[in-house]
């Protein structure tokens, strides 16, 4: 799908269903899909499925984000993410909703080239993933003076990396969202970009209500919630509607007033020596101990079955990561980790499987290790 199409008013008025990516065999002609856009997603685990988002929901999200970030007709959004994912698609929807400029960075990602491009195009707003922010910081590139806000999604931007970005003038704002919510449900404010960076808590956008279930999971309700999803059953597509006004996510979170603090995924928790452990929290710790030298998406902690411990925790790194960095970080971690959070010796892989948005495909990594 071409980004220019998404700023055409005709697209938003057309009731024909569309797929943001390549839908196998053509989009099914289901009445429930009229006026919807389909997005393929598997999250960090599970089988692929297609999430149905109504165009009205996508525009409700766009309006809320634009209002939150002070977007006007004089603003200029930059697209540096693929439009087949809701993060990139949402950028185009916001430019259309605001009637402002949209510039497409249609080149292979290169932090130096992007910085010069953004300055030349006088970009005011953009969305990036943590890997892209890491590259800007690693290159010590100064932000263009025109920038007002960078929404960072698709993963958690840790405190060290976020502060380093702000020190270079990049106004990074932590956000939290998912495909089922047309992207963001919570985003830091413009004013926070002038303060020391912290990855949480993150203020909810006004269109969203949030609560916590008895199991500690985040549940949400609002006008930008998905309509349902498509799954394939024995070769045929079936539409499963979202019937409830509230959607229970697989995310653990804490709510403080009108802000949320994401606390990992409920489906990533494993038992080690009788204790619940979240491998993703260990990854965050390794990232902190590296002082920002470990690039997001180049390392993971994977839990594999173990007959004695229930699960063993294995740190996995791409071969491009310097071995001295790996050893230094693992030694620092070992000095402070309790027994049930201890790591096995590292495993090196040529590359780690990632989505186009930079998210690790954890199931594939586990399969590689025989887990």
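Figures for the structure shown
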{"item": "Subset of the stretch 21-38 that is within 24 Å of the chain's Cα centre (by Cα) and modelled with pLDDT of 95 or more - its residue that is surrounded by the most Cβ atoms within 10 Å (Cβ to Cβ)", "result": "36"}
{"item": "Residue check, residue 129 closer than 25 Å to residue 163 by Cβ and in contact (Cβ under 8 Å) with a residue 60 or more places away in the chain", "result": "yes"}
{"item": "Elements of type strands (runs of 3 or more DSSP E) in the stretch 175-247, at least 2 residues being within 26 Å of residue 287 (Cα to Cα), in contact with a strand residue (DSSP E or B) (Cβ under 6 Å, 6 or more places away or on another chain) and in contact (Cβ under 8 Å) with a residue 24 or more places away in the chain", "result": "183-187, 217-221"}
{"item": "All positions within the stretch 131-156 that are under 13 Å from the mean Cα position of the chain (by Cα) and on the phi > 0 side of the Ramachandran plot", "result": "154, 155"}
{"item": "The lone exception for residue 283 - which of (1) touching a strand residue (DSSP E or B) at 6+ places or on another chain (Cβ under 8 Å); (2) over 18 Å from residue 155 (Cβ atoms) it fails", "result": "(2)"}
{"item": "Strands (runs of 3 or more DSSP E) completely within the stretch 260-343 that count 3 or more residues being outside the structural domain of residue 155 (by TED's automatic domain parsing) and either surrounded by 19 or more Cβ atoms within 10 Å (Cβ to Cβ) or within 18 Å of the chain's Cα centre (by Cα) (or both)", "result": "299-306, 310-318"}
{"item": "Residues of the stretch 108-125 classified as more than 23 Å from residue 360 (Cβ to Cβ) and under 19 Å from the mean Cα position of the chain (by Cα), total", "result": "1"}
{"item": "Candidates 105, 39, filtered to the one that is in contact (Cβ under 8 Å) with a residue 12 or more places away in the chain and over 23 Å from residue 364 (Cβ atoms)", "result": "105"}
{"item": "Residue under evaluation residue 305, criteria (1) touching a strand residue (DSSP E or B) at 6+ places or on another chain (Cβ under 8 Å); (2) closer than 30 Å to residue 41 by Cβ; (3) free of Cβ contacts under 8 Å to residues at least 60 places away in the same chain, criterion not met", "result": "(3)"}
{"item": "Any chance residue 350 is surrounded by fewer than 15 Cβ atoms within 10 Å (Cβ to Cβ), outside the structural domain of residue 131 (by TED's automatic domain parsing) and in contact with a strand residue (DSSP E or B) (Cβ under 9 Å, 6 or more places away or on another chain)", "result": "yes"}
{"item": "Qualifying residue in the stretch 58-80 (condition: within 22 Å of the chain's Cα centre (by Cα), part of a loop (DSSP other than H, G, I, E, B), closer than 30 Å to residue 300 by Cβ and modelled with pLDDT under 95)", "result": "no"}
{"item": "Members of the stretch 114-165 that are in contact with a helix residue (DSSP H, G or I) (Cβ under 7 Å, 6 or more places away or on another chain), surrounded by fewer than 20 Cβ atoms within 10 Å (Cβ to Cβ) and within 18 Å of residue 90 (Cα to Cα)", "result": "155"}
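The values are calculated or read from the model by the stated rules, or taken from the named source; none is laboratory data. None of these values were measured; they are calculated from a predicted model. FYI the Cβ positions are ideal-geometry reconstructions off the backbone, even for glycines, and counts take in every protein chain you see.
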